[in-house]
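Asks: The structure is given below, and queries will be raised subsequently.
The values are calculated or read from the model by the stated rules, or taken from the named source; none is laboratory data. Bear in mind that the values here come from a model prediction, so they are computed numbers and not experimental data. Every residue, glycine among them, receives a Cβ derived from its backbone with ideal geometry; neighbour counts consider all protein chains shown. Only protein heavy atoms, including side chains, enter the accessible area calculation; ligands, DNA and RNA are left aside. Shrake-Rupley method; radii C 1.70, N 1.55, O 1.52, S 1.80 Å.
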Amino acid sequence: MTDVTRMTAAQVAGLISKGDASAVEVATAHLDRIAAVDERVHAFLHVDREGALAAARAVDEQRARGEELGPLAGVPVAVKDVIATRGIPTTAASKILEGWKPPYDATIVQRLRAAGTVMLGKTNMDEFAMGSSTEYSAYGPTNNPWDLGRIPGGSGGGSAASLAAYEAPLAIGTDTGGSIRQPGAVTGTVGAKPTYGGTSRYGLIAFSSSLDTPGPCARTVEDAALLHAVIAGHDPRDSTSIPQPVPDVVAAARRGAGGDLTGVKLGLVKEFAGEGAEPGVLAAFHESVEALVKLGAEVVEISCPHFEYALPAYYLIAPSEASSNLARFDGVRYGLRVGDDGNRSLEEVMSLTREAGFGPEVKRRIILGTYALSSGYYDAYYGQAQKVRTLITRDFTSAFERVDVLISPTTPFVAFPFGSRTSDPYQMYLADLYTIPTNLYGGPAISVPCGLSEGLPVGFQVMAPTMADDRMYRVAAALESAVGTLTPPSLEARA
Ligand code: GLN
């Protein structure tokens, strides 16, 4: 039998439903692959071998009883460690949550279990999802399978690297400013940020509540759509969850794979043309635009004049919300507690705990956010940033009166070497130049591989109107049908 770790999720699900492979065989192959390569990749913070095999056995039993299996039954999935999993360590890659085992599952985890997927473990990330390289994990970085000396993107670098290393066919990420799409781009995988409110935030450790969006990561557009369909949909436990049916993303991906984009209007964002992007990234992007035109799409240049203020607005809004959300890590309720020797005040223990438990980037955000929200400054900073957010939303809505989707490169640069951007936080923030506007607006966006620059993957971003997630899948699948998927150099050859 062909190596199941190289197959798509759709192929693996097909094997299992036909009885050509058992879910236990599939889980074992992936667990063995993790055991063989993860020491070098470090995509996982925790591998749940027993749990995965038990879930796989349950699927095999279901099949043996003749019960109907879901579309992803028996398919392994890796879950970003910012998502609560009952009884399984969940740290958000922070020392402050070391050893915490949540007493409940996030809604998306419940849905993954109900669909019969097999959770392999929890993936590495930047601490509390703050970063673009996974270098801010308190447990050490993840290495990009394309080049182990380079970053896998962030914050969800572990999820993306687990796919590129063939440790898992599917993974879950969260996107606050680009953390699903940017790692997808630099690892040559697919990452989709659903419409904000389209996937439940219940059980997601909050970073910036008005932006946080869980979503699917995969090696193909169809696989991402299959996973999207399993996790999306209204959840009464999340007050911002949208009570509407999920667009048929799977049908849209399959339609797109047919390679016909006749009548589809693509908006090329003028403000993203050139600025700050590497020439190799722009070259791969423009070749892909040509490929889409050959499939019948029409390209229209669109001006979004306020996109240039997205980055500064985001870096006020996200830290402000983070400073409030992270106040709950006080050494009393969760995880780490430092200095509780009976002689110290509650305040001293809290302060020692937060000093020891949070890393430097998290502290920077808390300080920035607390300052921006402090009385006298609120209107000047947070208030202004919210006004910019409204203007960016208007740019999107007027653009979508003229075109079906907006397109851009996902990131201005390919995977960079470790340490090359950590000394200047602003250099790190620039990695999300093209992904952040969508988060401020709330619409869906997907990154799909579109070629190589200097031997490293380049991502193509498709942004769609809110609740039109199906549109971005159609265009992304069409592009994938034209340019193909990317295969990283073998890890074995680099032992
Ligand atoms: N890189 C951005 C940040 O550091 C986005 C992170 C994310 O999407 N979680 O805030």
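Asks: What accessible area per residue comes out for segment 260-321, rounded to a whole number of Å², with a 1.4 Å probe? Write down the numbers at each step before the final one.
Replies: Numbers: 2700 Å² over 62 residues.
In whole numbers, segment 260-321 has 44 Å² accessible per residue.
Asks: Counting only heavy atoms of protein chains, what accessible area per residue, in Å², does segment 67-216 have with a probe of 1.4 Å?
Replies: Numbers: 2690 Å² over 150 residues.
With the other protein chains kept in place, segment 67-216 gives 18 Å² per residue.
Asks: Shape of segment 270-332 from its Cα gyration tensor (a ≥ b ≥ c, root eigenvalues): rounded if a/c is under 1.5, otherwise prolate when a/b > b/c, or oblate? All intermediate terms of the calculation are to be shown ahead of the outcome.
Replies: Values: a/c = 3.10, a/b = 2.66, b/c = 1.17.
The shape class here is prolate.
Asks: Let me ask another. Using alpha carbon coordinates only, what is the Rg to Rh ratio of the chain, with Rh defined as the Kirkwood radius?
Replies: Here Rg/Rh amounts to 0.96.
Asks: A further question on this structure: Contour minus end-to-end for T240 and L391, with contour as 0.36 nm per residue of separation and end-to-end as the Cα-Cα distance? Don't skip to the end; give the middle numbers.
Replies: Working: separation 151, 0.36 × 151 = 54.36 nm, distance 2.12 nm.
Stretched fully, the T240-L391 segment lengthens by 52.2 nm.
Asks: Taking all pairs of different Cα atoms in segment 42-161, averaging 1/r and flipping that mean, what Kirkwood radius in angstroms comes out?
Replies: Every distinct Cα pair counted, the radius reaches 14.8 Å.
Asks: Could you check how much of the accessible area of segment 357-495 is carbon and sulfur, as a whole percent, using a 1.4 Å probe? Don't skip to the answer; put the middle values down first.
Replies: Working: 2900 of 5270 Å².
Using a 1.4 Å probe with all protein chains present, segment 357-495 comes out at 55 percent carbon and sulfur.
Asks: For segment 197-261 and segment 463-479, what is the separation of their C-alpha centers, rounded to whole Å?
Replies: 12
Asks: Accessible area per residue for segment 405-495 in Å², computed with a 1.4 Å probe and the full protein assembly in place, what is it?
Replies: On the way: 2600 Å² over 91 residues.
On a per-residue basis, 29 Å².
Asks: Further, regarding this structure: Using a 1.4 Å probe over the heavy atoms of the protein chains, calculate the carbon and sulfur portion of the accessible area of segment 105-159 as a whole percent.
Replies: Numbers: 490 of 990 Å².
It is 49 percent, rounded to a whole number.
Asks: Can you give me the % of accessible surface on segment 194-289 that is carbon or sulfur? Probe 1.4 Å, all protein chains present, nothing else counted. Write out the running numbers ahead of the final one.
Replies: Numbers: 1940 of 3480 Å².
Here carbon and sulfur together make up 56 percent of the probe-accessible area.
Asks: Give, rounded to the nearest 20 debye, the magnitude of the charge dipole that the chain has about its Cα centre when Lys and Arg contribute +1 at Cβ and Asp and Glu contribute -1 at Cβ.
Replies: Numbers: 42 positive and 55 negative charges, 114 e Å.
The dipole magnitude comes to about 540 debye.
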